[in-house]
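Below: one structure, written as structure tokens.
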Amino acid sequence: MTSLFLRDLKLAMRAGGGALIGVLFFMTVVAVVPFAVGPDLNLLSRIGPAILWIGALLASLLGLDRLFQAEREDGSLDLMLMQETPLVLTVLMKCLAHWTATGLPLVIASPLLGLFMNMKELAIGATMLTLLAGTPAITLIGAAGAAVAVTLPRGGLLVSILVLPLTVPVLIFGVSAAYAAVEDPAPFLPPFLILIAITLFFAVIGPLSAALALRAASD
Amino acid sequence: MPISLLVEGLSAKRGEDLIFHDISFVLTAGEALVVTGPNGSGKSTLLRVLAGLLAAQSGRVLLDGISSEIGHPREFCHYLGHRNAMKRELTVEENLSFWKSFMGDSPGGAGIGIEEAAEALGLGGISHLPFGYLSAGQQRRMAMAKLLVAYRPIWLLDEPTAALDASADRLFATLVTRHLGAGGIVVAATHQPLGVEARELRMTGFAGVAGEVGH
Amino acid sequence: MSENSLSIRKFSDLANPTRFLGLAGRVLPWLVGLTVVLFAIGLYLSFTTEGDYQQGETVRIMYVHVPAAWLSMMCYTVMAVSALGTLVWRHPLADVSARAAAPIGASFTFLALVTGSLWGKPMWGTWWVWDARLTSVFVLFLMYLGLIALNRAMDDPGKAAKVSAILILVGFVNIPIIKFSVEWWNTLHQPASVLRLGGSAIDPEFLWPLLVMAVAFTLLFFALHIAAMRNEIWRRRVTSMRRQAARAAGREA
């Protein structure tokens, strides 16, 4: 299992891998927002956490369609389906590798972008923490969408359309937890714990449904 | 106890079309089956059903002589399809060692080392190169090295030698012979003669007709 | 033999990567040595001159910030010329030059952004303002990263060369438009810029260290660029040798 994790990580780092592209996309999306809303620092610092979350959400969806499609195209998926290792575990491992290669860099880059948004230290820390807890959920539930669309020739766009509605709860609790940390009356912990619960829940149903879909799509 | 593969009344559909119907055969340890027939007669489909990648419409695939409890016969099979299941960006060594540790060995045997396997296919010394650098024939041979690095008693081969030249063909035949000699089972779909003693299953559109043909 | 054709021959001699490697080997030690000396002088001057009465010690960041910002633009110009070299003259070293310059340019741009941000904290009380100048440099940084990603995504250098050359030139044509629109966007939103470095009104006290540092940074760029080009040529040779090794292994068997 660790060998699968390491292989996927290596593939993401090698030429043409998705690791760099995701962070770049994240930076670009966030950097473009001020051009639309204006360079008003107070306004930017108020909407900062939301912008970071939307950027991270879109960047996490990027490249998700290749999660299983690349394996299918070269025949690796067939072999993975045949093994004694439960397919759910294989999917979970692939999700973890995918998140480490594309999601974790977003979390690490988020404080830098927080500075661009003129966010306070506390807001930056809270946003980073919620991203750390929430972005795995996007990858995990995204795996289900990626598995459903694995046989489709132009699955990329479809995966985003399929997965985005499913990520709404992640976005809601991620952003509200980040805001709760800054604005006084709202408590931080309840939305944050719900966010973690969603991630754990998706860690179960994401790989399970993805494994089912992959078996069904095999032909 | 030697292993044997039992296929009983197997039929399969693709979409709404019945591809083949009521195929039965028994292969015991050391036996090879060559599946022949024109394009579209269902050779690949049969192999994919045997590999558990396609559900059979009816009939079943059984393994006999395995001491341990098994989930599905596919866990005891190697499947070498049209595609090589190797990543162009990784080196040959990285590819093979991934499959070696990911697949593990079936009980009753052990895979050989990566360099040894590459050597066995006549491609020693280049396993440090990225897989994408190799020519089509070399890529195919490195994909075959997968058969050696992780032990599986049953090999399911779909057009294994399509991209190979004559010398590589012979090399592969000796590998198959060695596998059979060690008590393995081989099912190969092919147009070209495999170069080993084998039974033949001729696919004729609907039903497979089993026949004994020695080479 | 007219003088013109002789100079053309010289030029195409340099185009030969082997000649370039030989030349680079001879030039590099001198270039590196000169760079080190200039940096020593520049840094000494930077830290011995008096601080600004208004900005205090923080003004010294300028000696790194301004040269880095100037190089971020010069590097893109070098890349644009190389891109022209690839597309128009089909010079074999041009795409090596463009490819090698991109990470260096990105590094200088990043340095300019970081030092600008560090300078901004005491000046503006915040790490970042969407000042027209800073914003344009940030957009330039994103363009560099995009080019690097494009280069990495394609494994065939020949094909990557043409495509990225086109992108470099499109970017180069766009830079004035981006700069203009960012300034327009900025003035639309905030009437007065927070800080203006008074261009020529700069005190000679600051001018000397700044000039020395600018020259030192420029030499540093060329040293890094030549070394990176050399590495790129070597990398390509290693790649082609590995491909040859793969082919040879097939024949033996």
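As a proxy for reagent exposure, C:VAL215, A:VAL150 were ordered by neighbouring Cβ count within 10 angstrom, fewest first; the result is C:VAL215, A:VAL150. Helix A:2-13 and the long axis of chain A differ in direction by around 60°, with both axes built from C-alpha atoms. DSSP finds beta bridges in the protein assembly as shown, and of those with both partners inside it, around 55 percent are antiparallel.
Each Lys and Arg contributes +1 and each Asp and Glu -1, all at the Cβ; summed about the Cα centre of the range A:2-217, the dipole is approximately 220 debye.
Peptide B:44-53 is shielded by partner chain Cβ atoms: per residue, an average of 2 of them sit within 10 Å of its Cβ. Only helices enter the 222 nm calculation for chain A: every DSSP H run of n ≥ 4 contributes -39,500 (n - 2.57), and dividing by all residues gives -26000 deg cm²/dmol, rounded to 500.
Here the relative contact order of chain A, from alpha carbon pairs under 8 Å that lie six or more residues apart, stands at 27 percent. Roughly what angle does helix A:41-61 make with the longest principal axis of chain A, taking Cα atoms, 0 to 90 degrees, to the nearest 10? It is inclined by approximately 0 degrees.
Across peptide A:71-83, what mean number of C-beta atoms from other chains lies inside 10 Å of a residue's C-beta?
On the way: counts 2, 1, 1, 8, 9, 9, 3, 10, 12, 3, 5, 14, 6.
The mean count of partner-chain Cβ atoms within 10 Å per residue comes to 6.
Whole-Hz Karplus values for the range C:76-91 come out as 5, 5, 4, 5, 5, 5, 4, 5, 4, x, 5, 7, 8, 8, 6, 5 Hz, taken residue by residue from phi with 6.51 cos²θ - 1.76 cosθ + 1.60 and θ = phi - 60°; glycine and proline positions read x.
Using Cα atoms only, what is the angle between the long axis of helix A:121-148 and the major principal axis of chain A, expressed in degrees (0 to 90) to the nearest 10? Roughly 30 degrees between the two axes.
How many Cβ atoms of partner chains, on average, are near each residue of B:89-99 if near means within 10 Å of its Cβ? Before the final figure, lay out each step's value.
Numbers: counts 9, 4, 1, 1, 0, 6, 2, 0, 3, 7, 4.
Taking the mean over all residues of the peptide, I get 3.
Across the range C:125-133, computed HN-Hα scalar couplings (Karplus, 6.51 cos²θ - 1.76 cosθ + 1.60, θ = phi - 60°) run x, 8, 6, 8, 10, 8, 5, 4, 5 Hz from first to last residue, x flagging Gly and Pro. All alpha carbon pair distances within the range A:2-217 were sorted into 5 Å bins beginning at 0; the resulting P(r) in whole percents reads 1, 8, 15, 19, 19, 15, 10, 7, 4, 2, 1, 0. Classify the protein assembly as shown as rounded, prolate or oblate, taking a ≥ b ≥ c as the square roots of the eigenvalues of its Cα gyration tensor: rounded when a/c is under 1.5, otherwise prolate if a/b is larger than b/c and oblate if not. Oblate, because a/c is 1.5 or more while a/b does not exceed b/c. Peptides A:174-184, B:186-196, ordered by how many other C-beta atoms sit within 10 Å of their residues on average, highest first, read A:174-184, B:186-196. Please list, in order along the range B:157-163, the HN-Hα scalar couplings obtained from phi with the Karplus expression 6.51 cos²θ - 1.76 cosθ + 1.60 (θ = phi - 60°), rounded to whole Hz, x for Gly and Pro. Along the range B:157-163, the couplings run 10, 10, 6, x, 10, 4, 9 Hz. Here's how it looks for B:ILE185: its modeled amide H is under 5 Å from those of B:GLY30, B:ILE154, B:TRP155, which are all 5 or more places away or on a different chain.
Which order, highest average first, do C:167-177, C:35-45 follow once you tally other Cβ atoms within 10 Å for each residue and take the mean per peptide?
Numbers: C:167-177: 14.8, C:35-45: 16.4.
The packing order, highest mean first, is C:35-45, C:167-177.
Among complete DSSP H helices in chain B, those whose alpha-carbon atoms stretch at least 18 Å along the helix's long axis and whose mean Kyte-Doolittle hydropathy reaches -0.5 are B:136-149, B:166-181. Of the residues A:PRO165, A:ILE54, A:CYS95, the one whose Cα sits farthest towards the positive end of the charge dipole of the range A:2-217 is A:CYS95 (charges of +1 on Lys and Arg Cβ, -1 on Asp and Glu Cβ, taken about the Cα centre). The peptide list C:18-24, A:197-203, put in order of mean Cβ contacts within 10 Å with the highest first, becomes A:197-203, C:18-24.
Computed from the coordinates by the stated procedures, all read-outs in this text should not be read as laboratory data. The structure presented is a predicted model; accordingly, all values stated were derived computationally and were not measured. Using ideal geometry, Cβ is built from the backbone for each residue, glycine included, and neighbour counts are taken over all protein chains shown.
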